[in-house]
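The values are calculated or read from the model by the stated rules, or taken from the named source; none is laboratory data. Please read these numbers as outputs of a predicted model, since none were measured by experiment. Protein only, heavy atoms only, side chains kept; ligands, DNA and RNA dropped before computing areas. Shrake-Rupley method; radii C 1.70, N 1.55, O 1.52, S 1.80 Å.
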Amino acid sequence: MRKLAIGMFDSGVGGLTVLKEVKALLPHEHIVYFGDTARLPYGNKSPQTVTRYALESALFLLTKGIKLLVIACNTSSAFALNILQKKLPIPVIGVIDPGAKEAVGHTKNGRIGVIGTKGTIKSTAYERSIKKISPDTAVISRPCPLFVPIVEEGLENDEVAHLMAEKYLHDLRRSDIDVLVMGCTHYPALEKVIKKVMGKGVTIVHTGRETAKEVKNVLEKKGLLNDTAKGSYEYFVTDAPEAFEEIGGRLLGEQLTRVKSLKNLDFKDFLLSS
Ligand code: DGL
């Protein structure tokens, strides 16, 4: 069991910011990553659709013989964590609870900001998770949908990133929060500009980093940690592997190899056969 891979899925390339953290913390683990590039973005889709996609992605990864599943996508975690935890025979970790826990641990004034896709913010998943740990904490949330294409276009250091951050974060900056959760896979690429706009008094929480710690905890607890092998990484995407390699290489800070296209994968056939 220890030797089996960790499965990880996202709507596309953004989840590589989570993979990067898991890889850094657990360099001996094999990771199989599934990016649903044919159907992204998930951030503006309905809970029903995102949940269906999540189930399909998880079933695909199960065929790879994984020991644990990470839902790297915030929107998918917001809508589908419970159902995947119920349905799957292996541990399933989402990115919301680890981020929420870290945020609660950092706030001194009990006021936390959360940014994410429209879907994640509308779901109130972060708010519920934070309030479960600390019911009196105030949670102020804002969707920042244009951050995703800004990162995918490689414009994180361009003035357009700064302008959008000013626009999106204006109200949050005035709402006296002392912690801000980056509740979307792509936002760590904008961490510098987000920090600059929010100012020094606000701690920024990287949900992927906290999720990696949770993955380590769970593997340790279950005796599933692989600490002898050299880690390996395999990527499956449902469309445009070249774009995945190009953007993913930037997010990961290294060239991606072993990206396989599942263009012809018909989920209906796959669901019937699994
Ligand atoms: N991966 C998504 C998330 O973290 C962002 C991109 C999308 O909308 O598909 O919510």
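A straight Cα-to-Cα reach below 30 Å connects Lys222 with the lysines Lys3, Lys20, Lys23, Lys64, Lys67, Lys86, Lys87, Lys101, Lys131, Lys132, Lys213, Lys230, residues fewer than 8 places away in its own chain not being considered. In the elastic network of the chain, a GNM with C-alpha springs shorter than 10 Å, the most mobile of Lys23, Lys222, Lys122 is Lys222. Amide H to amide H distances under 5 Å link Ile93 with Leu69, Val70, Ile71, where only residues 5 or more positions off or on other chains count and H is placed in the peptide plane.
Between Ala189, Ala72, Ala243, the residue with the greatest mean-square fluctuation in the GNM of the chain (Cα pairs under 10 Å linked by springs) is Ala243. Its relative contact order, with pairs defined as Cα atoms under 8 Å and 6+ residues apart, puts the chain at 27 percent. Protein heavy-atom accessible surface, 1.4 Å probe, per residue over region 57-101: 33 Å².
Between the Cα long axis of helix 159-173 and the first principal axis of the chain there is an angle of about 60°, rounded to the nearest 10. In the complete set of protein chains, residue-level accessible area for Leu252 is approximately 10 Å², probe 1.4 angstrom. Given an 8 Å cut-off on Cα distances and at least 6 residues of separation, report the relative contact order of region 117-274 as a percent. After rounding, I find 16 percent. For the chain, with all protein chains in place and a probe radius of 1.4 Å, 51% of the accessible heavy-atom surface sits on carbon or sulfur.
Solvent-accessible area per residue in region 141-237 equals 48 Å², computed with a 1.4 angstrom probe and all protein chains kept. Apply the a/c threshold of 1.5 to the C-alpha gyration tensor of the chain and tell me whether it is rounded, prolate or oblate. It comes out prolate by the Cα gyration axes.
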